[in-house]
Amino acid sequence: MRYDHKVIEQKWQKHWASRDAYRTPVKPQKKFYCLDMFPYPSGVGLHVGHPRGYVATDVVSRFKRAQGFDVLHPMGWDSFGLPAENYAIKTGIHPATTTEQSIRRFKWQLQSMGLSYDWEREITTSNPDYYRWTQWLFLKLYEHGLAYQKKAPVNWCPSCKTVLANEQVTQGKCERCGTMVIQRHLKQWFFKITEYAEELLASLDNLDWPEPIKVMQRNWIGKSVGATIQFAVKEHGFTVDVFTTRPETLYGVTYLVLAPEHSLVKNLITKNQRTLVECYQQEIKTHSERDRQMNAKTGVFTGAFALHPLTQVKLPIWIADYVLPHYGSGAVMAVPAHDKRDWEFAQKYRLPIKFVVETSNEREVYTEPGKLINSPLWKGLHSERDFKQIIQTLEEQKIGLSDTRFRLRDWLVSRQRYWGTPIPIIYCGACGVCPVPEADLVVGLPHDVDFKPTGESPLTRSKEFQSVRCPKCQGKARRETDTLDTFVDSSWYFLRFVNPRLAEAAFRKSEILSWLPADLYVGGAEHAVLHLLYARFITKALDDILNLNLREPFKKLKNVGLILAQDGQKMSKSRGNVVNPDDVILKFGADTLRCYEMFLGPFEESMPWSADSVIGLRRWLERIWKLQDKVVEVGGYSPLNVNEVVKKVSNDIEHFKFNTAISELMILTSDLKRQMEISRQAYKTLVILLSPFAPHLAEELWQSLGSKSLIVHATWPKISETARMRVITLPVVIDGKLRTTLTLNPNLAEEAVVDLALKDANAKKHLEGKKIVRKIYVPNKILNFLTGKQS
């Protein structure tokens, strides 16, 4: 029989579904929670780059089941947010409709790959049964002071017509559409992620995550250790607090700079400078943070002076674009001799420059550590080595305190878009801001709204949605019309997967204790400071609120490399270089696609697609299929190194070295192919080792071997530490030419070695019609046959 992948794959996919083969045990005895970053369902469906991570988690899940683990391997849809909404705007069809269509398409594609998801646990974030609990999460954070509202300068994307969190702005541009972001002042909702900055940073050390991801999170959290120093403004009777990581350069301060938005500016401006300062403040409102950081420094003198806390010298107070209101304290003690930005500013406005760290060239800025000079209190000290002593001196002088600041800002969660979770807040003229009572959830998203973005929340155009009674006084009130950032939906979904049909709560604590944290999480590195950071924060917050005994959501993280087009470019519809997995499956089979994606190269690296290489993987599977013709019930060849093969494949799967695991199986296949007959046990072992990679083919072969149960329930071969038999590769030469090699026990007697050689298919082919006139065997080195014609 030929290997007909279409018949085989459809047959077993239907059989697995009807037998509920991947149902998750309710109470795990030996748990393994294997999770993918669930996708945004878009109208175009998957290309061949998307399944690489999904196939990898499927390989691991099948491997763990065979090892006796109770596996939770779910899938769902991150279906709220801009990707789905923008597609709906483009097509003119309501996002509820386009999202449902996209989910059906995605699900069909994933099922056609034979992925072993427990589809009974499927979740969709745009389903009221799910986002009811996202609203509950908001209320819990609000109740505990971790959700709050304030008016603040925010990142506004003119194209998407919505606010963006800092993490969603890349080099001053919207990470979704690439449009330059501008600043607007709006009243917005925030989550207090900064409350957990220290723990988010410290607990990274204990995670089995890729180091680059941990570095990105450390940099984003941005812990800075230094001191806060007070500069008195005597004529106004207050002080300007300045946070600095370079307190040792205090004697080098020649002026102060405040952010134009700093709250003290209005009290500092002198009458002569007021018009100039206020015009400059208006101008800065139109500049993005990136512009303010990257462009030439500009500023305006306020007319006011502060006193140097050590020398009492008068220091001019400026405002400038390069100082941002939310970094440090929004104020800078300018040390132009030892800071590049201050140096540029001082040069431009001809402000004094004073060196306090020793350098051989005082004609250019010096930012390195060194011996302190021109600093009476710290004469002869070293800026880096004596850092603690310097801060201690400031505290003794009562002009400064040791301080730690973070770059991390609170998470801005308000969005002025339609397709998202409505924020469960009501505004009452008499009672103010009122959270929606939990008993009144879900606050449903109305479907009769013009969802096209205009700059204001589309829900403001629904009078029926807005009109509501105050939950406190029952008077007339209105609902909040902003929706939540889609990253709120995905910040807790891994908890819902544990019991997605639970109606009375988001989750049960007992079930969270049974399954969390996820043992393996796989997805792209692009979410390093978005989803991954938010999920960690929400986990810690819920643990503090509900005592879940869970501080981190994901124990082990693996990032998947991109699959590029054959031209080495990123696959995109506009380039016309997209490869559709449906076409590959139709022509070569899902098992071929799965094996090829795992064989491409190291899992974390980006690799180009190769149509020729796909054919090679198909041919390898066909060779395995044909091997069943050589299987014998009694006797037959069994590789002596099979224990080492099992060990290598097992170890490679554990460490995500899928390409070398398949390479090992190819070597085993070649070894078996050379034999005239192979033992049933040897073939059975090959089939089990193959099953995580090519489950349909393996299931078909498993049944052909007479099994009464599914291979998805089979036990993984045991690795015997006591059976570590050393093997050698022996070349077999016939009439001076290498014709084959044998893998064998080095202690075998010559007769046994010759017998194995004579049964080898390649050797037998080259000995056919010839008479062996002489055998030369050098133990563990070579076996040589000399032949003559048959008489």
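The values are calculated or read from the model by the stated rules, or taken from the named source; none is laboratory data. What you see is a predicted model; the values in this text were computed from it and never measured. Cβ sites come from the backbone with ideal geometry, for glycine too, and all protein chains shown count toward neighbours. Just so you know, the surface numbers come from the protein's heavy atoms only, side chains and all, with ligands and any DNA or RNA stripped out. Shrake-Rupley method; radii C 1.70, N 1.55, O 1.52, S 1.80 Å.
Scanning the stretch 125-171 for residues that are assigned to a loop (DSSP other than H, G, I, E, B), small (G, A, S) and open to solvent by less than 50 Å² (accessible area, probe 1.4 Å) yields S126, G145, A165. Just to be sure, is R176 open to solvent by 40 Å² or more (accessible area, probe 1.4 Å), assigned to a strand (DSSP E or B) and not polar (S, T, N, Q)? No; evaluated as a whole, the condition is false for this residue.
Picking from residues in the stretch 438-482 that are in a loop (DSSP other than H, G, I, E, B) and β-branched (V, I, T), the one that is nearest to Y148 (Cα to Cα) is T481. A count restricted to the stretch 139-169 and to residues that are out of contact with any strand residue (DSSP E or B) (no Cβ under 9 Å at 6 or more places or on another chain) and under 23 Å from W419 (Cα atoms) stands at 1.
So which residues in the stretch 499-512 are farther than 23 Å from L530 by Cα and in a loop (DSSP other than H, G, I, E, B)? Listed by number, the residues that qualify are N499, P500, R501, L502, A503, E504, A505, F507, R508.
Does L394 meet the test of being closer than 18 Å to E85 by Cβ and either part of a helix (DSSP H, G or I) or out of contact with any helix residue (DSSP H, G or I) (no Cβ under 7 Å at 6 or more places or on another chain) (or both)? So L394 does not fit the description; no. Take the conditions surrounded by 15 or more Cβ atoms within 10 Å (Cβ to Cβ), outside any helix (DSSP H, G or I) and either within 36 Å of the chain's Cα centre (by Cα) or not charged (D, E, K, R) (or both) and apply them to R405. Does it pass? Yes, satisfied. For the stretch 182-205, the candidate set comprises residues that are within 17 Å of D485 (Cα to Cα) and open to solvent by less than 70 Å² (accessible area, probe 1.4 Å); within that set, the residue that is modelled with the lowest pLDDT is L186. Scanning the stretch 7-41 for residues that are of a type in the set (S, T, N, Q) and part of a helix (DSSP H, G or I), we see that the one that is surrounded by the most Cβ atoms within 10 Å (Cβ to Cβ) is Q13. Just one of the listed residues (R350, R405, R292) is free of Cβ contacts under 8 Å to residues at least 24 places away in the same chain and either within 20 Å of S263 (Cβ to Cβ) or basic (K, R) (or both), namely R350. Checking each residue in the stretch 570-599 for being open to solvent by 20 Å² or more (accessible area, probe 1.4 Å), under 17 Å from R52 (Cα atoms) and part of a loop (DSSP other than H, G, I, E, B) picks out K570, S572, V578, V579, N580. For T97, the conditions (1) in contact (Cβ under 8 Å) with a residue 12 or more places away in the chain; (2) β-branched (V, I, T); (3) surrounded by fewer than 23 Cβ atoms within 10 Å (Cβ to Cβ); (4) closer than 25 Å to T486 by Cα all hold with the exception of (1).
When the stretch 103-118 is filtered for residues that are among the hydroxyl-bearing types (S, T, Y) and open to solvent by 10 Å² or more (accessible area, probe 1.4 Å), only S112 remains. Only one of the numbered conditions (1) open to solvent by 60 Å² or more (accessible area, probe 1.4 Å); (2) assigned to a loop (DSSP other than H, G, I, E, B) is not met by R774, and that is (2). Among the residues examined, K509 does not qualify as open to solvent by 10 Å² or more (accessible area, probe 1.4 Å), farther than 26 Å from A84 by Cα and in contact with a strand residue (DSSP E or B) (Cβ under 7 Å, 6 or more places away or on another chain). Residues that are under 20 Å from D241 (Cβ atoms) and surrounded by fewer than 20 Cβ atoms within 10 Å (Cβ to Cβ) within the stretch 266-298 comprise K266, N267, listed in sequence order. The set of residues from the stretch 42-100 being among the charged types (D, E, K, R) and part of a loop (DSSP other than H, G, I, E, B) comprises just one member, D78.
Among helices (runs of 4 or more DSSP H) entirely within the stretch 204-295, having at least 1 residues that are of a type in the set (A, V, I, L, M), more than 21 Å from R407 (Cβ to Cβ) and in contact with a Ser or Thr (Cβ under 9 Å, 6 or more places away or on another chain) singles out 265-268, 274-284. Which one is most open to solvent (accessible area, probe 1.4 Å), of the residues in the stretch 614-654 that are basic (K, R) and under 33 Å from the mean Cα position of the chain (by Cα)? In this case the residue turns out to be K648. Screening the candidates I426, I399, I391, I373 for the property of being open to solvent by less than 10 Å² (accessible area, probe 1.4 Å) and among the hydrophobic types (A, V, I, L, M, F, W, C) yields one hit, I426. Residues that are in a strand (DSSP E or B) and over 24 Å from V642 (Cβ atoms) within the stretch 740-771 comprise K770, K771, listed in sequence order. Can you confirm whether the stretch 554-562 contains a residue that is open to solvent by 10 Å² or more (accessible area, probe 1.4 Å), assigned to a loop (DSSP other than H, G, I, E, B) and under 29 Å from K509 (Cβ atoms)? Yes, the stretch 554-562 has at least one match. For V60, which of the numbered conditions (1) closer than 30 Å to W419 by Cα; (2) among the aliphatic types (A, V, I, L, M); (3) at pLDDT 95 or above fails to hold? Going through (1) closer than 30 Å to W419 by Cα; (2) among the aliphatic types (A, V, I, L, M); (3) at pLDDT 95 or above one by one, V60 breaks only (1).
For the stretch 101-118, a residue qualifies if it is of a type in the set (F, W, Y) and part of a helix (DSSP H, G or I), and the qualifying residues are F106, W108.
For the stretch 206-222, taking the residues that are over 22 Å from Q168 (Cβ atoms) and charged (D, E, K, R), the one that is surrounded by the most Cβ atoms within 10 Å (Cβ to Cβ) is identified as D208. Regarding the stretch 78-93, can at least one residue be identified that is aromatic (F, W, Y), open to solvent by less than 10 Å² (accessible area, probe 1.4 Å) and touching a Ser or Thr at 6+ places or on another chain (Cβ under 9 Å)? Yes: one or more hits.
Of all residues in the stretch 655-689, those being in contact with a strand residue (DSSP E or B) (Cβ under 8 Å, 6 or more places away or on another chain), farther than 10 Å from V631 by Cβ and either outside any loop (DSSP other than H, G, I, E, B) or open to solvent by 20 Å² or more (accessible area, probe 1.4 Å) (or both) number 4. When the stretch 408-437 is filtered for residues that are closer than 14 Å to L459 by Cβ and assigned to a strand (DSSP E or B), the ones remaining, listed by number, are S414, R415, P422, I425, I426, Y427. Output yes when any residue across the stretch 747-761 is under 27 Å from F588 (Cβ atoms), modelled with pLDDT of 90 or more and either open to solvent by 20 Å² or more (accessible area, probe 1.4 Å) or touching a strand residue (DSSP E or B) at 6+ places or on another chain (Cβ under 8 Å) (or both), and no when none is. No, that holds for no residue.
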